[in-house]
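Below you'll find the structure, written out as C-alpha cells, and then a few comments.
Nothing in this text is a laboratory measurement; each read-out follows from the coordinates by a stated rule. All of these numbers come straight from a predicted model, not from anything done at the bench. When we count neighbours, we look across all protein chains shown, and the Cβ atoms used for this are built from the backbone with ideal geometry, even at glycine.
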C-alpha cells in the first residue's frame, strides 16, 4: 500500500508539473488576445499610446544609436579581416548591410529595448499589482488589460520597426567608418555594394521580425508583471524583482527562438 500511495503521489506531482506550463501558456494567450483586441476598442487611447511611444521608442534612441554604431564598427573590422583572406574585401558593404538588416538589427534592437523598457514595464505593472492599484481599477469597472497593456502593445508595434531602421542605418555608417575611413576601402565601392545587395525583401523581413519581436516582448513583460501576485517564488518586492528578472530572461530567449523560426520561413 505504501508503494502504491507513493506511486500515486509521484504521478500526481508529475501531472501538476506538466499541466502548469500548459495552463500558463493558455493564460498568456488569452491575456495577449484581449490586450490586442482592446487596442481597437472605442474610445481610442491616443494619449496613452503616444506616452508609451515616447517611453519605449524616443527614450531608447540613444542606446540604440550607440549600440548600432559599435555593432557596425565591429562588423566592419571582423568582416574586413575575414574577407581579405579570400581577396573579397570589396564585398564588405554587402556583408555589413545584410548582417544588420536581416538579423542583427531586429534582434539587438529587441534585446536593448527589453533591457531598457521591457524590464521597466514588468516592474511597473508588478508594483501596481502588489500595491492593489490593479484591483482598484477593477473595482471602478476599468479593464486593467485595456488600460495598462493595450497602449503598450500599440506603442511597441510602432516603435520597434522605427528603432530597427535607425539601428540598421547607424550600423551601416559604423561599418563605413571602420571599413573605409580606417582600413582604406573605397567609400564608393562600399556604398555601391550596400545598394546592390540589399533587396526590398530583406528590409521587409527585418521589419516583420521587429513587429513580431514587439508583440513577444510586450506580451511577456506585461504578463509577468500583471500576474506577479501568483508567483510561487515570493510576494511583495521580492516577487516584483523575480518577475522582472524572469520577464527579461524569457523575452530574450523567445526573441532568439522566434528569430530562428522567422528566418526559416522568410528565407
query = Taking neighbour Cβ counts within 10 Å as the exposure measure, how do 190, 47 sort from fewest upward?
reply = 47, 190
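What FRET efficiency, computed as 1/(1 + (r/R0)^6) with R0 = 41 Å and r the Cβ-Cβ distance, is obtained for residue 33 and residue 58, rounded to the nearest 0.05? Could you put the intermediate results ahead of the total?
Details: r = 28 Å, r/R0 = 0.69.
Approximately 0.90, to the nearest 0.05.
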Folded to 0 to 90 degrees: helix 119-130 orientation relative to the chain principal axis, Cα = 10
message = Cut-off 10 angstrom, C-alpha nodes, Gaussian network model of the chain. Which of 114, 185, 170 fluctuates the most?
response = 185
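Can you sort 168, 135 from fewest to most other Cβ atoms within 10 Å of each residue's own Cβ?
Numbers: 168 25, 135 13.
Lowest to highest Cβ neighbour count: 135, 168.
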remark   = Read-out volume of the Cα convex hull per residue in Å³, candidates (1) 177; (2) 119; (3) 195; calculated match is (1)
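Using the Kirkwood formula over every pair of different C-alpha atoms, what hydrodynamic radius in Å results for the range 90-179? Working shown, then result.
Working: mean 1/r = 0.0644 Å⁻¹.
One decimal place: 15.5 Å for the Kirkwood radius.
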ask   = Among 157, 63, 255, which one moves the most in a GNM of the chain with springs linking Cα atoms closer than 10 Å?
value = 63
task = Can you grab the distance from the C-alpha centre of the range 191-251 to the C-alpha centre of the range 83-113, Å, no decimals?
result = 22
query = Convex hull over the Cα atoms of the range 82-121, averaged projected area in nm²?
reply = 3.3
Gained length - residue 257 relative to residue 173, 0.36 nm times residue gap less alpha-carbon distance = 27.4 nm
inquiry  = Explain nothing, just the number: relative contact order of the chain, from Cα pairs under 8 Å at least 6 residues apart, as a whole percent.
reply    = 31
key: Most mobile listed residue (251, 187, 60) in the chain, GNM with C-alpha springs under 10 Å   = 187
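So how do 85, 201 line up by other beta-carbon neighbours within 10 Å, fewest first?
Numbers: 85 8, 201 11.
So the residues, fewest neighbours to most, are 85, 201.
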